[in-house]
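Below is one structure, written out as structure tokens; the observations come after it.
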Amino acid sequence: MDEQYLPATVEREAQASWESNGTFQAPDDASREKFYCLSMFPYPSGRLHMGHVRNYTIGDVISRFERMRGKNVLQPMGWDAFGLPAENAAMANSVPPAQWTHENIAYMKVQLQSLGFAIDWTRELATCHPDYYRWNQWLFLRMLESGIAYKKSGVVNWDPVDQTVLANEQVIDGRGWRTGAPVEKREIPMYYLEITRYADEMLDALDDLPGWPPQVKTMQANWIGRSHGVRFAFPYEFDGEAGRLWVFTTRADTIMGVTFCAVAAEHPLAERAARDNPELAVFIEACKQGSIAEADIATIDKKGMPTGLRVDHPLTGEPVEVWVGNYVLMSYGDGAVMAVPGHDERDFEFALKYDLPIRQVIDVPGESFSDEAWQPWYADKERGRCVNSGAYDGLDYLEAVDAIATDLAAKELGEKRIQYRLRDWGISRQRYWGCPIPIVHCDACGDVPVPDDQLPVLLPDDCVPDGHGNPLNKRDDFINTSCPACGAPARRETDTMDTFVDSSWYYARYCCRDNDTAMTDKRVDDWMPVDQYIGGIEHAILHLLYSRFWTRVMRDSGLVSVDEPFTNLLTQGMVVAETYYRDDAGRRIFFNPADVDVQRDDKGKITGALANEDGQPVTVGGIEKMSKSKNNGVDPQTLVERYGADTVRVFTMFAAPPEQSLEWSDSGVEGGYRFLKRLWALAAAWQAPVVLLNGGGEVAPATDDAARPLRQEIHALLQQALHDYGRYQFNTVISACMKLLNLLGGLEAGTDDWRARVAHEGLGILLRLLAPVAPHFCHHLWRELGYGEEILDAGWPGVDEAALVKDEIELVVQVNGKLRGQIRVPASSDREAIEQAARDDANVQRFTADKVVRKVIVVPGRLVNLVVTDAN
RNA sequence: GCGGACGUGGCGGAAUUGGUAUACGCGCUGGCUUUAGGUGCCAGUACCUCACGGUGUGGGAGUUCGAGUCUCCCCGUCCGCACCA
């Protein structure tokens, strides 16, 4: 074998071998134990970034690990190929999004292959392909039939200059990103999916997902936001016209503290009041400025204006002023809220600002009410009792809510109600590069679904967006069609679907990608659910919730038999790196980490950095997520070319556990490379004796006494590595591999038989442990040293329990919890013997001599703690 | 604003889940090898102290024989918020 580790050669050969043997094609064989390992598919943005490399390396390590444990592993890959960036690139380069997307896919596929991922490429799919998106359309039509899909008006960001709908991302500080014009909210008709129909089921099912991180489940539960409360109405009569202002509250017990109501700017009452109140009309118009993003709405200055209208308190009949509030959302509940400034912080601030009355109606133990000192204390449901509330005085939360709901119901003005924060999913996008919504608009028949036999509605692939609306609207060949119902000339819907639709079921399609007559088939049930799903924490809510919803819709349509798509979920951390910059005439210029030289003091502490181009200092700007704007990204391609894929994989897995953020470090990569080179050198040095042993059939482990301590350590490290593989903590797996190498490093394998056997056993274990992480490297050495043909099929190493047995154990001795000594005792020692040995230790006696031992704690295998006090 | 995380040497991180804090790697210091080296190898490296010993896991309190780990309060950083994917 080569004395030198040449990654390019090793990796080329290994990849060619896997390719020609079809090693990673997962057979549809339901008789074998399956493992479906899935990483979130990439958006084909152009080149792989380190976040992709990390995501797919984690998935690949798990796939190879499960395969070596004997499972039939499916690891597919595809492309989330519709989306906004392709339209932006089209505008910048005058290239159709389709062409740009396909070129990116071709390039990134080569990159993925160069990293040696164990992917079954025969199942590759792209969501922009008609074979895929036709099933989006087909299932959408089923949802229309079942009523899950429906049409209603929704609010979008509108750029009045470009006359186009903007994504939240395209709104910067309330203005359109290209025009700088203040963005307006505009209502348009859209299609919605009734995800709220599954709100209860999806919420309750979270308890049955033990393989999901608790924080993700908490986030989903909060997002669904099931709350128990009362929906009730304030009756009114204006100019002889009677009506009801409906609101929802979870704090019906505070209803007697209502001092005003607030409605959204789009609320009918606001519009009515504005008819003869120009000032209010101006205010309402102002409220309609700005983006629809909830984060923006929630952080704006809370402003309001009185409508001059008064409604009646449903229980007391007192008049209650109605205000318009810019913080009230029309899309949530009924677009109106009751305000109880005495017991709600936001209402309290609003009341102070506009000098509205504040009334205490809940007793707050230990707090006294006064206008100056009152802190709006959101009375604890367990403790607060009603005061100043007439008939409800003295009732606790539950009693008060019951009594008030009963009284409201008697007047037919309200009832208890369960409400969700979750809103139905609006899927219409006024964009070109997406899946067409299969609807035809006919003057006579209205909105007519496209019949199944006319699917797919093909998206023209040669449009070039120009930033002024959806280019499909200018494509007569797309728009003009005939009505499927009456045959008259009609127009196609030009809205496309949210790209979250595409990503809501791709995991199922991998299982039956070649089926051109049905969305799913039996093979989907054989592979599903996904055993391990891996992706960024940023998808914790939306993508995962939509996928859980879509799976249930498919289940209820008889397309899959599972309830949940993903049994286990791993949310990987971000890839971050140091930033470097200079401020130049008000502009901040960022330097790539590869283009600066870091300065350190004698202790290795960073003192500054110099730019390579001119040797002048740059500012060290802190650790940030790798991004184009901060120019702190590292190109995986360059690294693979310099060090090989295995080194990149080793570093990526070693630098941090999968869930934590991973900080980039050039010297850390060097460390990974050094490790592989040292291991290679060891294998080269041991080649002769190991190959000799492997040539003679089954190799028995060394039984000599001299081998015992080494074998004990080898198997202890193996045990730790197996434990950490089991919990997917790969950084400590690699740590164990490094320790194994350090341990084996001093062994002269060629000098006698027991050393050769220990070397053979240790190296065999090490190569298999490392194989999922550095697959090309281990594949190569496994063959070179004669262990066998394919390390993937070599079987997973197991701990030799007999080798772990120790004659003597070490224990530490504490006195009052402080470390005072170490003792060695026979492993068979009982509690008394251990305690006596601890008391006898010379250094321990220094600290116990003039004290009284009150208590002795013996933790087997770990420590002895002597609790002492002064003699008196 | 709401929701969810995180905080340990100069740095990334470890701590078998309440039991020796800092494993492994990087960096740094010193030495050896090499024609040379940005290669390789060896040793040292939390802080204070000559030492005995003491201190130390963002800050403050608490539970415990024992807390990085559990509880409460505070500070800081990061992620998501429905049209980025």
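The values are calculated or read from the model by the stated rules, or taken from the named source; none is laboratory data. Computed from a predicted model, the values in this text were never measured in an experiment. Cβ: placed from backbone, ideal geometry, glycine included. Neighbour counts: every protein chain shown. Side chains included, ligands, DNA and RNA excluded: accessible areas come from the protein's heavy atoms. Shrake-Rupley method; radii C 1.70, N 1.55, O 1.52, S 1.80 Å.
Report the trypsin sites (Lys or Arg not before Pro) located in the stretch A:682-766 that are in a DSSP loop and have at most 11 other Cβ atoms inside 10 Å of their Cβ, or state none. Could the numbers behind the result be given before it?
Values: sites: A:ARG711, A:ARG727, A:LYS739, A:ARG755, A:ARG757; in loops: A:ARG727.
When the trypsin sites (Lys or Arg not before Pro) of the stretch A:682-766 are filtered for loop state and at most 11 Cβ neighbours within 10 Å, A:ARG727 remain.
Where the centre of each part is set by its Cα atoms, how far does the stretch A:537-580 sit from the stretch A:303-361, in angstrom?
Comparing the Cα centres of the stretch A:537-580 and the stretch A:303-361, I get a distance of 39 Å.
Might you work out the accessible area of A:ASP2 for me, using a 1.4 Å probe with all protein chains in place, and round it to the nearest 10 Å²?
Per-residue accessible area (A:ASP2): approximately 90 Å².
Check each of the GluC sites (Glu not before Pro) in the stretch A:645-731 and keep only those in coil by DSSP with at most 16 other C-beta atoms within 10 angstrom; list them in order.
Filter output for the stretch A:645-731: A:GLU659, A:GLU698.
Ignoring ligands, DNA and RNA, what percent of the accessible area of chain A is carbon or sulfur (1.4 Å)?
48
Note down the net charge around A:TRP796, summing +1 for each Lys or Arg and -1 for each Asp or Glu among other residues with Cβ under 9 Å from its Cβ.
+2
Could you work out the local net charge near A:ASP347, counting Lys and Arg as +1, Asp and Glu as -1, over the other residues with Cβ closer than 12 Å to its Cβ?
Every neighbour counted, the sum reads +2.
Mind giving me the FRET efficiency for A:GLU415 and A:GLN163? R0 is 51 Å, r the Cβ-Cβ distance, nearest 0.05 is fine.
Rounded to the nearest 0.05, the efficiency is 0.70.
Stretch A:ALA827-A:GLU349 to full length: gain in nm at 0.36 nm per residue minus the Cα-Cα span?
Extending this stretch completely gives an extra 165.2 nm.
Rounding to the nearest 10 and keeping the result within 0 to 90°, find how far the Cα-based axis of helix A:130-146 lies from the longest principal axis of chain A.
For A:130-146 against chain A, the angle is about 50 degrees.
Would you mind classifying the stretch A:154-246 by shape? Square roots of the alpha carbon gyration tensor eigenvalues, ordered a ≥ b ≥ c; an a/c under 1.5 is rounded, otherwise it is prolate if a/b is larger than b/c and oblate if not.
Oblate, since a/c reaches 1.5 and b/c is not below a/b.
Does anyone have the angle between helix A:730-744 and the longest principal axis of chain A? Alpha-carbon axes, 0 to 90°, nearest 10?
10
Which angle between 0 and 90 degrees, to the nearest 10, do you get for helix A:345-354 versus the longest principal axis of chain A when only C-alpha atoms count?
40
I'd like the distance separating the alpha-carbon centroids of the stretch A:802-832 and the stretch A:91-162, in whole Å.
62
Considering only the other residues whose Cβ falls under 11 Å of the Cβ of A:TYR420, what net charge follows from Lys and Arg at +1 and Asp and Glu at -1? Before the final figure, lay out each step's value.
On the way: positive: A:ARG197, A:ARG226, A:ARG417, A:ARG421, A:ARG423; negative: A:ASP200, A:ASP424.
Its environment carries a net charge of +3.
Assign one of three labels to the stretch A:624-775, namely rounded, prolate or oblate, based on the Cα gyration tensor with a ≥ b ≥ c the square roots of its eigenvalues; rounded applies when a/c is under 1.5, prolate when it is not and a/b is larger than b/c, and oblate otherwise.
Since a/c reaches 1.5 and a/b is larger than b/c, the shape of the stretch A:624-775 is classed as prolate.
With a probe of 1.4 Å, find how much accessible area chain A has per residue, and write the answer as a whole number in Å².
Heavy-atom accessible area per residue stands at 45 Å².
R0 = 60 Å: FRET efficiency of A:GLN729 with A:GLN599, Cβ-based, nearest 0.05?
Numbers: r = 34 Å, r/R0 = 0.57.
Result of the calculation: an efficiency of 0.95.
Indicate the gyration tensor shape class of the stretch A:16-166 (rounded, prolate or oblate), computed on the Cα atoms with a ≥ b ≥ c the square roots of the eigenvalues: a/c under 1.5 is rounded; otherwise a/b larger than b/c is prolate and the rest oblate.
Oblate, because a/c is 1.5 or more while a/b does not exceed b/c.
Tell me, how many Å apart are the Cα centres for the stretch A:595-614 and for the stretch A:8-76?
Measuring centre to centre over Cα atoms gives 39 Å.
Kindly give the semi-axes, whole Å and largest first, of the ellipsoid equivalent to the stretch A:378-459, taking each as the square root of 5 times a Cα gyration tensor eigenvalue.
Working: eigenvalues 576, 60, 19 Å².
Semi-axes (√(5λ), whole Å): 54, 17, 10.
Taking the highest mean first, how do the peptides A:471-479, A:684-692, A:233-241 order by number of other beta carbon atoms within 10 angstrom per residue?
The packing order, highest mean first, is A:684-692, A:471-479, A:233-241.
With r as the distance between the Cβ atoms of A:ALA488 and A:ASP131 and R0 = 45 Å, compute the FRET efficiency 1/(1 + (r/R0)^6) and round to 0.05.
E between A:ASP131 and A:ALA488, to the nearest 0.05, is 0.90.
What does the highest-first list of A:300-306, A:425-431, A:338-344, A:774-780 look like by mean Cβ count within 10 Å? Working shown, then result.
Working: A:300-306: 15.7, A:425-431: 21.9, A:338-344: 24.6, A:774-780: 26.9.
Final packing ranking: A:774-780, A:338-344, A:425-431, A:300-306.
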